[in-house]
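Here's the structure, in structure tokens; my notes come after.
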Amino acid sequence: MKTLDIVMVRVYITEASHLLNKIIDYLKNDEISGLSVFRAIEGVGQSGSLTSSLLDLSLNLPVSVEFFDYDKAKVEKALKHLHQIVNPGHIMFWEAKVIVSD
């Protein structure tokens, strides 16, 4: 089994923050290797529940953006950009491996 090293990043935002398209556009323009967006029903952070009503469920869902790349420098550049627009404590990253064909 052949593997390659990657850096994985997860960013937590809400739909109401209006950052989703900015983040996606930036990562696409930077040609990040892989990108996924996950919409949640509910999330709990330091301030408590992020969703509390049907209105919140329709307008302010928690969203996580995950991306990875093989190039650590490219990920570091993206992290510096995201750090400027995303609240502190809402970005995490870790080294991982991806299985590739032999």
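Read the figures in this text as sums done on the coordinates, not as results from a lab. For clarity, every value in this text was computed on a predicted model and none was experimentally measured. All Cβ positions, even for glycine, are placed from backbone atoms using ideal geometry, and neighbour counts span all protein chains on display.
List the residues whose amide H sits under 5 Å from the amide H of GLY43, counting only those 5 or more places along or on another chain, with H placed 1.01 Å from N in the peptide plane.
LEU50, THR51
Working from the pairwise distances between different alpha carbons, so that the mean of 1/r is found and then inverted, what is the chain's Kirkwood radius in Å?
The answer is 14.7 Å.
Excluding LYS28 itself, what net charge comes from residues whose Cβ is under 15 Å from its Cβ, given Lys and Arg +1 and Asp and Glu -1?
Values: positive: LYS22, LYS74, LYS77; negative: ASP25, ASP30, GLU31, GLU66, ASP69.
With Lys, Arg at +1 and Asp, Glu at -1, the net is -2.
Check the straight Cα-Cα distances from LYS28 and name the aspartates and glutamates below 20 Å, setting aside those fewer than 8 residues away within the same chain.
Within the straight-line limit of under 20 Å, LYS28 reaches these aspartates and glutamates: GLU15, GLU66, ASP69, ASP71, GLU76.
With 10 angstrom as the radius, rank VAL86, VAL44, VAL75 by how many other C-beta atoms surround their C-beta, starting from the fewest.
Fewest-to-most Cβ neighbours within 10 Å comes out as VAL44, VAL86, VAL75.
Using modelled amide H (1.01 Å from N, peptide plane; none on Pro or chain starts), what sits under 5 Å from the amide H of GLY34, excluding residues fewer than 5 places away?
HN-HN under 5 Å from GLY34: PHE68.
Calculate how steeply helix 20-29 sits against the longest principal axis of the alpha-carbon atoms of the chain, using the helix alpha-carbon long axis, and give the answer as 0 to 90 degrees to the nearest 10.
20
Quick one: length gained pulling ASP102 to HIS81 fully straight, 0.36 nm per residue minus the C-alpha distance?
Details: separation 21, 0.36 × 21 = 7.56 nm, distance 3.45 nm.
Value of the extension gain: 4.1 nm.
Near the amide H of THR14, under 5 Å away, which other amide H atoms are found, from residues 5 or more places off or on another chain, if H is placed in the peptide plane?
Close amide H contacts, sequence-distant or interchain: VAL63.
Mind putting a number on the dipole of the chain about its Cα centre? Charges go on the C-beta only, +1 for Lys and Arg and -1 for Asp and Glu, and I need it in Debye to the nearest 20.
100
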